[in-house]
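Values quoted throughout were computed directly from the atomic coordinates according to the rules given, and no laboratory measurement underlies them. If you're wondering where the values come from, they're calculated on a predicted model, not measured in any experiment. Don't worry about glycine lacking a Cβ; one is built from the backbone with ideal geometry, like all the others, and counts go over all protein chains shown.
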Amino acid sequence: MTIKTPHPETIVLHAGYRSDPATGAVAAPIYQTTSYQFANTQQAENLFALKELGNIYSRIMNPTCAILEERVSALEGGVAALAVSSGQAATAISIQNIARAGDNIVSSTDLYGGTWNLFANTLPTFGIEVRFVDPADPENFRRATDGRTRAYYAETLPNPKLQVFPIGEVAAIGEDLGVPLIVDNTAAPVICRPLAHGAHIVVHSTTKYIGGHGTSIGGILVDGGKFDWAKHAERFPLLNQPDPSYHGAVWTEAAAPLGPIAYILKARVTLQRDLGYALSPFNAFQFIQGLETLPLRIREHCRNASAVAKFLAEHPEVTKVIHPNRQTGEAKRRADTYLSGGNGGLVGFELKGGKEAGRRFIDALQLFYHVANIGDVRSLAIHPASTTHSQLSPAEQLATGVSDGYVRLSVGIEHIDDILADLERALDAAAAGAKAA
Ligand code: PLP
C-alpha cells in the first residue's frame, strides 16, 4: 500500500494483500494446502535454516493466514503477527513463548473467565506462577515483580467491570523493570490501539469482533517490535540463549536480519511447530471477510451500546449500569485516554430483583440471543455467574466483578429501536415475575 498513514478503514481492505500473484484474484484466496513444493534442495535448506522466509508446512505458516496476520498487524501498528486456532491459544502462546517452569507473570485480576482459569489453574501445572493484582493501582504491577517475572498481562476493556486498563502506566513500569506488557484487545479493536500506548504485545480472540459473524474460532498475537529483548537478556533466556530445538539459534540474533520480530518468529517456528495451534485457512478467510467491515461495525456497536446504557440507566427496574459512559473519576479518565471513537459494544447491568429477575429477564428476550459469546453482529445476553464464570469460586467471581444479579449484554448492530423494544419487554417480564412472587 503506498498511502503513508492509512486509516483503519483502509488498512482492513488493503494491507498485506492486493491480488493473488498466481491468478490476479482480488478476494483473498483460501490456500487449502498442507504443504508447499520447494524450488530445489538449496531453497528447502534455506527455508529450514531461516536464511529465507517462505512456506514449508501449514501448521507453521499458510498464505491465507499470512494475509490475516499482515492486516491485523497493520491495524494494531505492529511489526508481525501469528494467527492461531483460538483466542485461548493466543494467550497461552503469548506466555509460553517467554516463560517456563519456575518463572512468573503478573496479571490484572480483571479477566475473561477462560483466561482466569488458564492462569489460576493450568499455567501453575506447567510450573508458571501467575500473580494477580488489582489494576486500580498500576504500582501493584511493580510491587509484584521479581527477577523471574517474564510478562505483565491485562485486557483493554475487561468484562464484567468494563473499566479500561491503565495501559500506558503499566507499560512504563514494564519499560523501567524490563518486563513486556501483553494486552488482550479482543473487546476494543479499532477504538484502542494498545501498542500506540506503550504495550508490547497484543492478543485477540478473532472469534469476536474481528470475525464478527459468529462463524469461526480463532486468535492472533501481534508483536509490537519495540521491546528490547536483548537488553534484558538475563530475564529472557528463551530469546537470548541458544535454542537446542533449532540448531542452537539465538532468537534475538536469528531474527535481526528480518526485523525486530524475535518474539513472534520464535513463537511461530518453535511453539506453533511443537504445540500445533494452527488456524485453518478457511477460518482465516472468514476473519479476513470480517476484518473488512470491522471499523464500520465497531462504530455501530459503540453507538447502539451507548444508547442501551442510557436507556437502562433511566429504567426503574435497573439498579446499576456498567459502561464506560457511566463512569466517573479515574475510570472515566482511563476510558477517555485509551478509547477513541466509541466505548465498545458491551454493557453490564444489575436488576432490582437480583438473580431471579436476571433469569426471568434472559428467558423473556426475543431478539437478543442467550449465548456465551461477545462481539457478534447480533445482540447477545448472558448471566455470567451461572455460565461463563461458573467454574470460578465465589471469591474469584467477586474478584473479577461478577455478582449474582449481573447481566452482560453484547449489543449488536440491529436497529436501535428494535434492541430497546426487546429490552423493554424483558425488563417488564422481570418486574412482573417479581410482583407475582
Ligand atoms: N479473550 C477474551 C476477552 C474473550 O472474551 C475470549 C472468549 O470469550 C477469549 C479471550 C478466548 O477466545 P476464544 O474463545 O477464541 O478461545
Taking 0.36 nm per residue of separation between residue 313 and residue 148 and subtracting their Cα-Cα distance, the length gained on full extension comes to 54.9 nm
Amide H contacts under 5 Å for residue 151, restricted to residues at least 5 apart in sequence or on another chain and with H modeled in the peptide plane, are 106
Distance in nm between residue 390 and residue 50 label points, each 7 Å along Cα→Cβ, equals 4.5 nm
Starting from the Cα-Cα distance between residue 370 and residue 19, subtract it from 0.36 nm times their residue separation and give me the gain in nm to one decimal.
122.4 nm
Rounded to the nearest 5, what % of the DSSP beta bridges within region 25-158 are antiparallel ones?
10 percent
Normalising by the residue count of region 8-282, find the relative contact order in percent from Cα pairs under 8 Å and 6+ residues apart.
22 percent
Could you give each residue of region 56-68 its phi-based ³J(HN,Hα) in whole Hz, using Karplus coefficients 6.51, -1.76, 1.60 with θ = phi - 60°, and x for Gly or Pro?
10, 7, 6, 5, 9, 7, 8, x, 5, 4, 5, 5, 4
Neighbour cut-off at most 13 other Cβ (10 Å), DSSP loop, trypsin sites (Lys or Arg not before Pro), region 1-81
4, 18, 51
Most fluctuating residue of 267, 307, 395 in a GNM of the chain with Cα springs under 10 Å: which is it?
395
Difference of contour (0.36 nm per residue) and Cα-Cα distance, residue 129 to residue 37
28.8 nm
Quick one: which residues, 5 or more positions from residue 319 or on another chain, have an amide H under 5 Å from its amide H? H modelled 1.01 Å from N in the peptide plane, none for Pro or chain starts.
350, 351, 352
Just going by the charge dipole of region 294-436, with Lys and Arg at +1 and Asp and Glu at -1 on Cβ, which of 391, 339, 298 is farthest out on the positive end?
339
Kindly provide the trypsin sites (Lys or Arg not before Pro) of region 82-164 that DSSP labels as loop, not H, G, I, E or B, and whose Cβ sees at most 15 other Cβ atoms within 10 Å.
100, 148
I need to check one value: relative contact order of region 117-213, counting alpha carbon pairs closer than 8 Å and at least 6 residues apart, in percent.
22 percent
With an 8 Å cut-off on Cα pairs and a minimum separation of 6 or more residues, tell me the relative contact order of region 76-163 in percent.
35 percent
How big is the chain along each principal axis, measuring the range of its Cα positions in Å and listing the largest first?
78, 53, 37
CD proxy at 222 nm, helix term only [per DSSP H run n ≥ 4: -39500 (n - 2.57); per residue of the chain; nearest 500]:
-10500 deg cm²/dmol
Nearest 10 degrees is fine. How inclined is helix 87-96 to the longest principal axis of the chain, computing both from alpha carbons?
50 degrees
Quick one: helix 329-338 against the long Cα principal axis of the chain, what's the angle to the nearest 10°, folded into 0 to 90?
40 degrees
For the chain, what is the percent of antiparallel DSSP beta bridges, rounded to the nearest 5?
60 percent
